[in-house]
Amino acid sequence: MDTILVIDDQADVRMAAIVALNQIGYQCIEAQGPEQALEIISSTAISLILLDMNFKLDTTSGAEGLRFLQQLHTLSANIPVVVMTAWASVDVAVKAMQLGAVDFVEKPWNNLRLTAVVQQQLKQQKTNHDNACLKALHSTSDANYIALSATMQQLLARAKRAAQTNASILITGENGTGKSLLAHYIHQHSNRSEQRFVSVNIGAIAPSLFESELFGHKKGAFTDAKEDRLGRFEIANSGTLFLDEIATLPLELQSKMLRVLESQEFEVLGSSQTKIADVRIIAATNAELAKAIEEGEFRRDLLFRLNTIELHIPPLRERPEDIVELANHLLATHSKKYQRSGMTLTGEATLALTQYHWPGNVRELSHCVERAVIMSDNDNIGACDLILAQPSSEASISHSAAANQSLPLLPLEELEKQMIQKALAEFNGNVIAAGEFLGLSKSAIYRRIDKHQLDLKEADS
């Protein structure tokens, strides 16, 4: 369970936040001020911090909150901080985010807004953790970017060449292949590398908050707009804006995105002043956008604006040359993390790694190695320590099976329905796992389940 630290000198404010967060399943700890908070952080695992910006010294400058953010940075505490203040001026918000805050909410807040921000940032933190675990895929030094396979070497060469331009880039690939890491790689090799890299998970933004999140709003623009708010385009000004899970953008909002990509102009909600968005756009998806266009779920003209350059990351099973090297790098990373240096993979383990199909790609490989480091009784990790799943031959779409068996001649719709049914049965009704196996996003698999009117209870039985 995620634990949230609420820092505010007013007991009623702390209680209001705690009640709202408890209702959606989070555990909360209170602190009256920065000093008490630092003591708690030193002894307790904190998932996210809600930080008031003003305490006893004054009530407007945010100086104490900014000082706490600096102290947190000095401690190298990798904890996302959401700032909350009744005096949410743009200047204080910008300073807070420059010191590492990930977002801010205004007091008095709307509970839906507060919980949405917390959930989005915790999801982003999990993604960041996965990316840190997959550091083998990303480094400012090409020599440390593990890509022994010819396909990955060619991909990195294309990415580095594309990075020198301001062209929009679309990164495609299955879940867990490292699309966000490649986006970071492109940013670091671009002429904007000294500016901000702002990541937005489109799938985590509620449609009603879309314009506010991306373009910002002025105080009074709508019922809960208590203060001015910066949008992601403005925060990323002169830098790079990464739009993850772009295929989940609702159709009715795609025209708004298209407009800012075409003209680089947008208006803050509640303002008639047009602003310029000087940002480099990188988008990513694991969905088949061409198919989404055919089904009327994605605009063709928006795709043309996003994929000036398209980079596809191949799944891990298509680059077996990288598996052992990645596994050894991840083993060194995780063994250092858990203070178990000197761990090695046996020959039996490396053989098992190369023979496994890796439906979850490099993210699954990282979790597999991390689990083995934690659970192994000795320093030599064997095949049994890896606990690799063995899907049945019916659900496993291996190359050998494809070579020996011809697919039945069925209408495409019926074939898609049968494959989803088989995947759901194989993964005991786990929709997310089935979707990842089939290369579908969470929203895409649920759309297809609804389209085919599949009964999840039957799949789980």
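Worth a mention:
- Net charge over other residues, Cβ less than 12 angstrom from the Cβ of ILE171 (K, R count +1; D, E count -1): -2
- Accessible area of the chain belonging to carbon and sulfur atoms, whole % at 1.4 Å probe: 50 percent
- In the chain, helical runs assigned H by DSSP with n ≥ 4 each contribute -39500 (n - 2.57); averaged across all residues and rounded to the nearest 500, the mean residue ellipticity at 222 nm is -13500 deg cm²/dmol.
- Accessible heavy-atom area order of ASP12, ASP385, ASP322, ASP278, highest first, probe of 1.4 Å: ASP12, ASP278, ASP385, ASP322
- Beta bridge orientation in the chain: antiparallel %, DSSP, nearest 5: 10 percent
- For the set VAL19, VAL373, solvent exposure ranked by accessible area (probe 1.4 Å, protein chains only) runs largest to smallest as VAL19, VAL373.
- Close amide H contacts of ASP2 (hydrogens built in the peptide plane, cut-off under 5 Å, sequence separation of 5 or more or a different chain): GLN27.
- Cα-based reach from LYS256 at 14 Å (exclusive), listing aspartates and glutamates while leaving out same-chain residues under 8 positions away: GLU211, GLU213, GLU265, GLU267, ASP301
- Projecting the Cα atoms of ASN191, ALA16, GLY296 onto the dipole axis of the chain, where Lys and Arg carry +1 and Asp and Glu carry -1 at the beta carbon, places ASN191 farthest toward the positive end.
- Taking a sphere under 10 Å around the Cβ of ILE449 and counting the other residues whose Cβ falls inside, with K and R at +1 and D and E at -1, yields a net charge of +2.
- Ordered from highest to lowest accessible area with the whole protein assembly present and a 1.4 Å probe, ILE24, ILE313, ILE276, ILE29 read as ILE276, ILE24, ILE29, ILE313.
- Residue-normalised accessible area of the chain, given per residue in Å² at a 1.4 Å probe: 49 Å²
- The angle between the Cα long axis of helix 323-337 and the main principal axis of the chain comes to about 40°, on a 0 to 90 degree scale.
- Charge tally in the Cβ shell below 11 Å around GLU227, where Lys, Arg are +1 and Asp, Glu are -1, GLU227 excluded: +2
The values are calculated or read from the model by the stated rules, or taken from the named source; none is laboratory data. Keep in mind the model is a prediction, meaning the values are calculated, not measured. Counting neighbours? That spans all protein chains shown, and the Cβs are built from the backbone with ideal geometry, glycine included. The area values use the complete protein model at the heavy-atom level, side chains included, leaving out ligands, DNA and RNA. Shrake-Rupley method; radii C 1.70, N 1.55, O 1.52, S 1.80 Å.
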